[in-house]
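Asker: First, the structure itself, so that you have it in front of you.
The values are calculated or read from the model by the stated rules, or taken from the named source; none is laboratory data. Given the structure is predicted, the values throughout are model-derived calculations rather than measurements. Cβ coordinates were reconstructed from backbone atoms using ideal geometry, including for glycine residues, and neighbour counts include every protein chain displayed.
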Amino acid sequence: MEMTEGNTKPVSILLAEDDDVDAEGVERAFRKRKILNQIYRAHDGVEALTMMREGSIPSPYIVLVDLRMPRLDGIEFLNAIREDANLKQTVVFVLTTSEADEDKTAAYGANIAGYIVKQRAADGFLEVTEMLQRYWRVVELPAS
């Protein structure tokens, strides 16, 4: 099964995550839920931003971003895409270890769709993948 936007077009996933164990956990959760969407991995914010700007991720897509990454952290990444006319409407979920209120405030200030603390994402990220799957069943996005 693939997550689709409005049950029509498969949604790609951009996972901006520097930790290999966490990235594998997310990918394993998608496989366990039998969600077949293509996952594109960026190891930091610079790589994710480059992939988005070069158009190497098929649209529509959502971004799962960690806040604690090298070179360009999650908040800097969010600010960069919100300042980019071509990327500012990107749907982004933060997936991070940070429970700090200042991080939550900064992330929501950059218009994220949700803030998920990894430690609370029980059962190896299965709840996260279930939430994303439900999200895409009901949302409607403008044409690319």
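Asker: Return the residue satisfying two criteria in turn: it lies in region 76-114 and is surrounded by 15 or more Cβ atoms within 10 Å (Cβ to Cβ) and of a type in the set (S, T, Y), and of such residues it is farthest from I62 (Cα to Cα).
Answerer: S98
Asker: Using beta carbons and a limit of 9 Å, which pairs, at least six apart or on different chains, have the first residue in region 52-65 and touching a residue at least 40 places away in the same chain (Cβ under 8 Å) and the second one loosely packed, with under 13 Cβ neighbours inside 10 Å?
Answerer: Listed pairs, sorted by first residue: S59/S144; P60/S144.
Asker: Report the residue count in region 1-22 for those that are surrounded by 18 or more Cβ atoms within 10 Å (Cβ to Cβ) and either among the hydrophobic types (A, V, I, L, M, F, W, C) or at pLDDT below 55 (or both).
Answerer: 7
Asker: Go through (1) at pLDDT below 95; (2) out of contact with any helix residue (DSSP H, G or I) (no Cβ under 6 Å at 6 or more places or on another chain); (3) closer than 20 Å to Y135 by Cβ and name the single condition L78 misses.
Answerer: That leaves (1) as the condition not met.
Asker: Against the definition (among the β-branched types (V, I, T) and buried (at least 19 other Cβ atoms within 10 Å of the Cβ)), how does I39 come out, yes or no? Spell out the reasoning first.
Answerer: On the way: among the β-branched types (V, I, T): yes; buried (at least 19 other Cβ atoms within 10 Å of the Cβ): no.
For I39, the condition - among the β-branched types (V, I, T) and buried (at least 19 other Cβ atoms within 10 Å of the Cβ) - is not met.
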